[in-house]
2 protein chains.
Amino acid sequence: MSLFLSSYENRLDAKGRISVPASFRAALNNEKFAGVVLYRSFTNKCIDGLSMSRMESLAAATDKMGVFDNALDDLSAMLFADARPIQFDVTGRIIIPADLLAHAGITNTALFVGRGNSFQIWNPDAFRAAQNKSLENLRASRPNLII
Amino acid sequence: MSLFLSSYENRLDAKGRISVPASFRAALNNEKFAGVVLYRSFTNKCIDGLSMSRMESLAAATDKMGVFDNALDDLSAMLFADARPIQFDVTGRIIIPADLLAHAGITNTALFVGRGNSFQIWNPDAFRAAQNKSLENLRASRPNLII
DNA sequence: TGAAAAACCATAAAATCCCATAATTTGATT
DNA sequence: AATCAAATTATGGGATTTTATGGTTTTTCA
């Protein structure tokens, strides 16, 4: 499985469609499911994205764990309930559900950010702000870190 | 077999019909039986649903285990006695039996909740309450779990 | 005969398909 | 290195299909 790398800023059209970056689609091109799975990020004001096959392996993992751990059973239940499978159209676009857009504060343009095995979708400004902040945090906590 | 993912809130009409979400129907589209199997959830105030083929594999599994496991035998007996096979109409709707609706406290609208290999049908408010509670439980038992 | 179930028809909103075009990247050739 | 042609990608919009939902009629069967 190839990785999600780099960042791409794309536009939402009048119908709410947005192109998934070609290189991200390439990272998904031998998947059975021609699309992505989206989530509200638990930690950030952004959307998390991954492949269906990765979703399935997460499902399998928590499925096994659930036998020994009720809390994790709850967790996996939540995982399924919140996952949004979304198919590409012919030209590689998706429609991001309105509640996810709202959560991420996305209106006109969105930033696709590679994260290796997954990716995120951000309001471009919010992403830059968040990145600056985490840079500050890093500097504060590790003054001699080479940055 | 594809997974039941995401959540969909649909309405019951005057005759008690309700559309099964298209994506759930898609997860069932090469089943012999054009419908679902419903039963009262043992653990929650909701309805559990699965495909007929999964019902059959449960039968096969408990058949093997039942000989050695009385508790499991009881459970599966209850499951089969309680299970209700319900066919889709032409447009993909079902009629949920009144006693199941009562058990789940469903009146006007119902929430179909994906659970991977199965799904649940909830009163929307009751589901949100239950989800919040299990989130609290998770936080309490695993404070550093990222949620 | 009467009530419930099934079949049938209708419709608005949403999603998808199809085609077109602008922008960008790639590659080839000088 | 510069330039042009070809392919790919992002974006836009109209036409078509699907989906959820509602209502009416027919069938079933107790």
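The same position B:Thr107 in the other copies lies at 3.9 nm from this copy, comparing label points 7 Å beyond Cα toward the beta-carbon, shortest first.
With a 1.4 angstrom probe, the accessible area lost at the A-B interface totals about 1500 Å². Shortest first, A:Arg11 label-point distances to identical copies amount to 3.6 nm, with the label point at 7 Å from Cα along Cα→Cβ. Taking 0.36 nm per residue of separation and subtracting the Cα-Cα distance, full extension of the segment from A:Ser141 to A:Glu9 would add 44.4 nm. Note on chain A: with a GNM built from Cα contacts shorter than 10 Å, the maximum mean-square fluctuation among A:Ala110, A:Ala126, A:Ala59 falls on A:Ala59. Shown for the stretch B:1-30: residues covered by the partner protein chains by 50 Å² or more of accessible area relative to the chain by itself (probe radius 1.4 Å), namely B:Leu3, B:Leu5, B:Ser6.
Under a Gaussian network description of chain B, with springs only between Cα atoms under 10 Å, the residue in B:Ile95, B:Ile121, B:Ile47 that fluctuates furthest is B:Ile95. Shielding by partners for peptide B:132-141, expressed as the average number of C-beta atoms from other protein chains within 10 Å of each residue's C-beta, is 3. Each other copy holds its own label point for B:Ala60; taking that point as 7 Å from Cα along Cα to Cβ, the gaps run 1.8 nm, nearest first. Using a Gaussian network model of chain B in which every pair of alpha carbons under 10 angstrom is joined by a spring, one finds that among B:Val36, B:Val113, B:Val90 the greatest mean-square fluctuation is at B:Val90. Based on the Stokes-Einstein relation at 4 °C and a viscosity of 1.567 mPa s, and on the Kirkwood radius from alpha carbon pairs, the stretch A:7-141 is assigned a translational diffusion coefficient of 81 µm²/s. Computed over all pairs of different Cα atoms, the Kirkwood value for the hydrodynamic radius of the protein assembly as shown is 21.3 Å. Taken one residue at a time, the phi angles of the stretch B:35-45 give Karplus couplings (6.51, -1.76, 1.60, θ = phi - 60°) of x, 10, 10, 10, 7, 5, 5, 6, 9, 10, 7 Hz. Gly and Pro are set to x.
Each residue of the stretch A:77-94 is assigned a 3J(HN,Hα), and the resulting list reads 4, 5, 4, 5, 5, 8, 6, 10, x, 9, 7, 5, 8, 4, 9, x, 9, 10 Hz, derived from the Karplus form 6.51 cos²θ - 1.76 cosθ + 1.60 (θ = phi - 60°), x at Gly and Pro.
Among A:Ile86, A:Asn137, A:Asn44, whose Cα lies farthest out toward the positive end of the dipole of chain A, if unit charges sit on the beta carbon of Lys, Arg (+1) and Asp, Glu (-1)? Of the candidates, A:Asn137 comes out farthest on the positive side.
Gain in length, A:Ala129 to A:Arg17, computed as 0.36 nm per residue apart minus the alpha-carbon separation, to one decimal in nm?
This chain segment gains 37.8 nm when fully extended.
Among the lysines of the protein assembly as shown, pairs at least eight places apart or on separate chains and with Cα atoms under 26 Å apart come to 11.
For the stretch B:24-95, with all protein chains present and a 1.4 Å probe, just round the carbon and sulfur fraction of the accessible area to a whole percent. C and S fraction of accessible area: 56 percent. Distance from the C-alpha centroid of the stretch B:14-81 to that of the stretch A:94-132: 38 Å, rounded to the whole angstrom.
The values are calculated or read from the model by the stated rules, or taken from the named source; none is laboratory data. Being a predicted model, the structure only gives us computed values, none of them experimental. Glycine also receives a Cβ, built like all others from the backbone with ideal geometry; neighbour counts cover every protein chain displayed. All accessible areas refer to the heavy atoms of the entire protein, side chains included, with ligands and DNA or RNA removed. Shrake-Rupley method; radii C 1.70, N 1.55, O 1.52, S 1.80 Å.
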